[in-house]
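Asker: One structure, as structure tokens, below. Some questions next.
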Amino acid sequence: MLVQTGSRASLRVRMLLRLAAVLAVLLGLDGVVSYLTALHFANLVYDRWLIDSTRSLAQAVRPEHGRIQFDVPRVALEIFQFDEVDETYFKVSSRGQGFIAGERALPDGAPIATGGLRLTYTSLNGERVRLVSTSLSPGSAGDPVTVSVAETLKKRSTLAEEILLGMAAPQTALLGIAALLAWLGVSRGLKPLTDLAAQIEARGQSNLAPVPLGGMPRETRVLAARINHLLGHLDRTLRAQKRFVADAAHQLRTPLAAVLLHAEAAERAPDMPGAREALRALHRSVERAARLSQQLLALARTDPEASLAMQMGPVDLVALARRTGEEWIPRALARDIDFGLVVPEEPVIVHGDERLLGELLSNLIDNALRYGNASGHVTVRVEAATRPALSVQDDGPGIPLQERAKIFERFYRLPGASGEGCGLGLAIVEEIANLHRCEVELTTGSDNRGSRFTVHFGSLT
């Protein structure tokens with residue numbers, strides 16, 4: 001059963017409670033309708049008796065010597081009015097003579113056409129009664145006579161209640177059957193969700209495989225698809241973390257071991273020149289470890305799962321190239337490299353994360369300075385076209401065609417490469433380019449010398 005945390009009931013119970021509320025309302029409405037129906041048929045039965053009684057009394061009305069006479073023996077009237085439950089009243093009156101016989105307080109009501117009938121409710125002695133009236137014109141008296149019979153409503157209400165009670169048992173049974181069917185239907189309808197919950201609960205913490213979608217209804221399939229998306233996102237994140245930890249542990253082992261060895265050598269140096277040489281080697285090892293740590297952190301920031309943290313916005317490639325290039329001028333001067341910058345006069349705006357694009361350009365410049373020729377040339381270029389481009393070119397030995405597909409792999413270095421890189425710079429470049437949906441193109445530099453890395457952006461914003 002799918003149970004929510006805290007005091008909230010399960011989804012099954014909540015749905016059943018809602019269905020029970022609906023069934024209760026329907027049962028109440030059914031009770032009202034049943035009672036009104038029973039009362040209607042009770043009225044039909046007793047209304048027919050009243051109509052027959054009224055017509056029977058009307059037969060006792062006759063004209064005599066120009067006056068209306070009502071000739072019914074007292075015993076017959078007592079039998080007529082005898083009832084153990086209700087009170088029965090009658091009244092005979094005419095337009096000319098007025099009251100003739102019966103209960104004077106019984107209302108006459110509106111005039112009735114001769115031979116017609118009128119059924120209505122009225123009150124007599126403070127009690128509600130059912131009244132039937134008919135009009136006749138006996139003989140030659142020419143004076144319309146109204147005969148009315150009224151009865152209290154106790155038998156009608158009792159009969160309606162008995163009918164309603166007789167219907168209560170089957171109605172209650174139907175309600176129970178409906179509740180059982182609702183429980184079975186809800187349980188059946190929630191089975192895909194309970195099966196999905198059981199699949200997930202039965203998994204181990206390391207099992208991030210997608211949930212099979214076959215045979216699921218559409219609503220459950222949508223939920224399972226979202227769960228699979230979350231599992232895939234979590235799996236990629238965990239893989240990236242494991243890969244980063246493994247890469248960091250593997251790559252930092254060598255420079256840290258070198259740091260330890262050079263530190264021990266400095267401690268054991270017999271003289272100052274030897275100690276200085278060991279310290280210089282120690283300094284180089286620390287620099288390499290620091291550079292490697294920086295590259296590893298940059299690589300972690302460029303993981304595809306980190307795209308949610310990107311701060312995208314308009315970036316001026318011209319300003320970016322000038323600012324980043326200035327940071328590398330001291331390094332270029334140290335190697336006696338002619339460092340050039342070729343940019344247009346106007347800004348070249350692209351959409352991206354300025355911090356990551358700066359990291360991309362820094363890695364391209366670092367790669368050119370490391371593997372280009374000493375006293376050579378490195379040029380950073382920005383091109384404003386339909387698709388803006390950012391490129392870095394050197395005049396070093398270049399990259400063989402058969403190696404160009406491998407250089408973007410993590411920790412891959414060209415065989416016999418003389419630089420002290422860690423093999424992460426170009427991998428970071430490709431990751432950042434992918435985040436920005438750019439293309440990185442590697443070609444031979446001008447005069448068929450060196451290498452040229454060009455990043456092609458989308459159309460101008």
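The values are calculated or read from the model by the stated rules, or taken from the named source; none is laboratory data. For clarity, every value in this text was computed on a predicted model and none was experimentally measured. Cβ: placed from backbone, ideal geometry, glycine included. Neighbour counts: every protein chain shown.
Asker: Answer with yes or no whether Leu50 is buried (at least 16 other Cβ atoms within 10 Å of the Cβ) and assigned to a loop (DSSP other than H, G, I, E, B).
Answerer: It is false that Leu50 is buried (at least 16 other Cβ atoms within 10 Å of the Cβ) and assigned to a loop (DSSP other than H, G, I, E, B).
Asker: Pull out all pairs, ordered by first then second residue, where Cβ-Cβ is under 6 Å, the residues are six or more apart or on different chains, the first lies in segment 369-394 and is of a type in the set (Phe, Trp, Tyr), and the second is surrounded by 22 or more Cβ atoms within 10 Å (Cβ to Cβ).
Answerer: Tyr371/Gly396
Asker: So Ile51 fits all but one of (1) aliphatic (A, V, I, L, M); (2) at pLDDT 80 or above; (3) under 30 Å from Gly185 (Cα atoms); what number is the exception?
Answerer: (3)
Asker: What are the pairs with Cβ atoms under 6 angstrom where one residue, in segment 28-48, is within 18 Å of Pro170 (Cβ to Cβ) and polar (S, T, N, Q) and the other, located anywhere, is in a helix (DSSP H, G or I) and at pLDDT below 80? Sequence gap at least six, or different chains.
Answerer: Note: pairs meeting the criteria are Ser34/Leu164; Ser34/Met167.
Asker: Only one of these conditions is not met by Gly109: (1) free of Cβ contacts under 8 Å to residues at least 60 places away in the same chain; (2) more than 21 Å from Val61 (Cα to Cα). Which number is it?
Answerer: Here Gly109 clears every test but (2).
Asker: Also, quick follow-up: Within segment 105-156, which residues are surrounded by 12 or more Cβ atoms within 10 Å (Cβ to Cβ), polar (S, T, N, Q) and outside any strand (DSSP E or B)?
Answerer: Matches in segment 105-156: Ser137 only.
Asker: Quick one: is Val129 under 17 Å from Ala60 (Cβ atoms) and at pLDDT 85 or above?
Answerer: no
Asker: Limited to segment 158-201, what total is found for residues that are surrounded by 14 or more Cβ atoms within 10 Å (Cβ to Cβ), more than 26 Å from Thr220 (Cβ to Cβ) and among the small types (Gly, Ala, Ser)?
Answerer: Adding up the residues that qualify gives 1.
Asker: Could you give every pair whose Cβ atoms fall below 8 Å, whose first residue belongs to segment 313-328 and is more than 14 Å from Val342 (Cβ to Cβ), and whose second residue is surrounded by fewer than 17 Cβ atoms within 10 Å (Cβ to Cβ) and among the hydroxyl-bearing types (Ser, Thr, Tyr), counting only separations of at least 6 or pairs across chains?
Answerer: Hits for this filter: Pro314/Thr461.
Asker: A further question follows. Test Ser56 against the criterion of being assigned to a helix (DSSP H, G or I) and either in contact with a helix residue (DSSP H, G or I) (Cβ under 7 Å, 6 or more places away or on another chain) or of a type in the set (Ser, Thr, Tyr) (or both), and give yes or no.
Answerer: yes
Asker: Can you name every residue in segment 123-164 that is touching a residue at least 40 places away in the same chain (Cβ under 8 Å) and at positive phi?
Answerer: Gly139
Asker: Could you figure out which of (1) part of a helix (DSSP H, G or I); (2) within 28 Å of Ile428 (Cα to Cα); (3) touching a residue at least 24 places away in the same chain (Cβ under 8 Å); (4) of a type in the set (A, V, I, L, M) isn't true of Leu230?
Answerer: If we test Leu230 against (1) part of a helix (DSSP H, G or I); (2) within 28 Å of Ile428 (Cα to Cα); (3) touching a residue at least 24 places away in the same chain (Cβ under 8 Å); (4) of a type in the set (A, V, I, L, M), just (3) comes out false.
Asker: Can you name every residue in segment 183-204 that is of a type in the set (A, V, I, L, M, F, W, C) and in contact with a helix residue (DSSP H, G or I) (Cβ under 8 Å, 6 or more places away or on another chain)?
Answerer: Selection gives Trp183, Val186, Leu190, Leu193, Leu196, Ile200.
Asker: Among the residues of segment 57-69, what is the count of those that are under 16 Å from Ser133 (Cα atoms), out of contact with any Leu (no Cβ under 8 Å at 6 or more places or on another chain) and in contact (Cβ under 8 Å) with a residue 12 or more places away in the chain?
Answerer: 2
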